[in-house]
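Everything on this sheet refers to the single structure shown next.
The values are calculated or read from the model by the stated rules, or taken from the named source; none is laboratory data. Remember, it's a predicted structure, so these values are computed and weren't measured experimentally. Positions of Cβ are generated from backbone atoms using ideal geometry, with glycine treated the same way; all protein chains shown enter the neighbour counts. Calculation scope for accessible area: heavy atoms of the full protein, side chains included, ligands and nucleic acids excluded. Shrake-Rupley method; radii C 1.70, N 1.55, O 1.52, S 1.80 Å.
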Amino acid sequence: MHIDVVSIFPEYLAPLRMSLLGKAMTDGIIDFATHDLRDFTHDRHRTVDAPPYGGGAGMVMKPEPWGEALDHLRGAGDGSRPTLLVPTPAGHRFSQAMARDLARREWLIFACGRYEGIDQRVIDDAAGWAEVIPFSLGDYVLNGGEVASMAVIEAVGRLIPGVVGNPESLVEESHSDGLLEYPSYTKPRVWRDREVPEILLSGDHAKIAAWRAEQSRRRTAVTRPDLLHSSQVLAPDDLAEGSLRPAVAGDLAELFTLTKSCWVPEALINDRLDIPPLHETLEQAAADLQTWTTLVLRSGGRLVGSVRGRADGTSYEVGRLMVAPDLRGRGLGRWLLERIEEQAPEGTERFWLFTGERSTHNLKLYRKAGYRLDRSIPTPDGAVALAKRATGR
Ligand code: JD8
């Protein structure tokens, strides 16, 4: 792979010539070259910047030096179409998937800007002879493109065959399968009274692999829920901080959908179509947000559960307990029930709720949570009322 980097601080990239990448450059696996943009200026001050048209703070990098520098690289190239990578806060978020894609390419050129950035015409012009990829390292502001380019060159370079000694190690690392990597341990077995997890000393590779997969999934669920598809949330403990919060108007559309996806099966089980959630309008749902305390549970950016409650004297009515059908059986319903009960005001003496008289799944869940049939509560046809004493409120 050929890598060219154009910058006004070419020495900034020097650390890449160390370690594994450095060896790959020495061994000719990677042909790496840096180019000083100022070498493509012709004035005594080697000027590369000028004030922005339209006013505004800072300076913009002039197009002429860039045009000459890139023309020079094209001229030195073998006629193949390079990939021009332009680091910018306004770029596509760099990722391991992008690294894998770039590692399959022959010629990468990095255009490292400084100041407020590069005159846009340089990028537009390059689209005529290169695949231009504006990329960002992350949602924070750097002073230039060099650091971002170094990170990408390392992430891409180590994926090139022959650069990393044991390609196996590329397989089991974070992001290689979309999950964060499991914790690692080495000698001594005990350090500062801290022991290595017993399973890792068992020699049972299947059990070790299962433990590691569980650790990866749990770590990802807690630290990077955005990486975890909600179907991988296997238990309430997997839920990240802040997954449960009061519902807002912006949740209504997903709540509406979840309500239908939960209550259509309930209607069929109970052979009743006159169940309020089925016929509720968005306007009605919006109004209910004002009179009920409604909680929504999100995972992987998806609304996966909800429940609501409202006080009526010393009684607290619970309703609309919902868990996305594909996430049932993981204890999320029971967990949501506990969370809404915590919302009940001081002095609450009883929790109560309705459910379908034939909703065996729900009836079992409520029974396990301490609710019992309560015939004193008037119920709609086809429904039963369940209640339980509120302890410690
Ligand atoms: C290229 C100039 C500085 C940016 C005014 C500060 C990438 N993830 C990232 N954050 N920042 C950059 C980045 C910043 C750059 C340049 C990349 C060229 N600057 C500018 C706009 C605001 N100054 C980046 N990749």
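Worth a mention:
- Test: Val190 is within 14 Å of the ligand (Cβ to nearest atom) and farther than 21 Å from His72 by Cβ: no
- Pairing each residue of segment 213-224 that is under 14 Å from Ser243 (Cβ atoms) and outside the structural domain of Gly300 (by TED's automatic domain parsing) with any residue that is open to solvent by 20 Å² or more (accessible area, probe 1.4 Å) and part of a helix (DSSP H, G or I), provided the two are 6+ apart or on different chains, yields C-beta distances under 6 Å for Thr220/Leu227.
- Selected residue (criterion: most open to solvent (accessible area, probe 1.4 Å)) from residues of segment 30-52 that are away from the ligand (no atom under 16 Å from the Cβ) and over 29 Å from Arg17 (Cα atoms): Arg44
- Qualifying residue in segment 263-285 (condition: of a type outside the set (Gly, Ala, Ser), under 29 Å from the mean Cα position of the chain (by Cα) and within 17 Å of Leu332 (Cβ to Cβ)): no
- Residue within segment 243-250 that is among the small types (Gly, Ala, Ser) and open to solvent by 70 Å² or more (accessible area, probe 1.4 Å) present: yes
- Number of residues in segment 9-21 that are out of contact with any Phe, Trp or Tyr (no Cβ under 9 Å at 6 or more places or on another chain) and either in contact (Cβ under 8 Å) with a residue 60 or more places away in the chain or not hydrophobic (A, V, I, L, M, F, W, C) (or both) equals 7.
- Qualifying residue in segment 147-167 (condition: within 14 Å of the ligand (Cβ to nearest atom), of a type in the set (S, T, N, Q) and in contact with a Phe, Trp or Tyr (Cβ under 7 Å, 6 or more places away or on another chain)): yes
- Considering each residue of segment 335-349 in turn, none proves to be crowded, with 18+ Cβ neighbours inside 10 Å, farther than 30 Å from Leu227 by Cα and touching a helix residue (DSSP H, G or I) at 6+ places or on another chain (Cβ under 8 Å).
- Tallying residues that are touching an Asp or Glu at 6+ places or on another chain (Cβ under 7 Å), closer than 21 Å to Val152 by Cα and among the aliphatic types (A, V, I, L, M) within segment 50-83 yields 1.
- Within segment 43-59, considering residues that are among the charged types (D, E, K, R) and part of a loop (DSSP other than H, G, I, E, B), the one nearest to Ser7 (Cα to Cα): Arg46
- Helices (runs of 4 or more DSSP H) wholly inside segment 60-174 that include at least 1 residues being of a type in the set (Phe, Trp, Tyr) and open to solvent by less than 60 Å² (accessible area, probe 1.4 Å): 63-76
- Long-range neighbours under 6 Å by Cβ, at least six apart or interchain, first residue assigned by TED's automatic domain parsing to the domain that holds Leu85 and within 14 Å of the ligand (Cβ to nearest atom) within segment 97-113, second charged (D, E, K, R) and part of a helix (DSSP H, G or I): Cys112/Glu146
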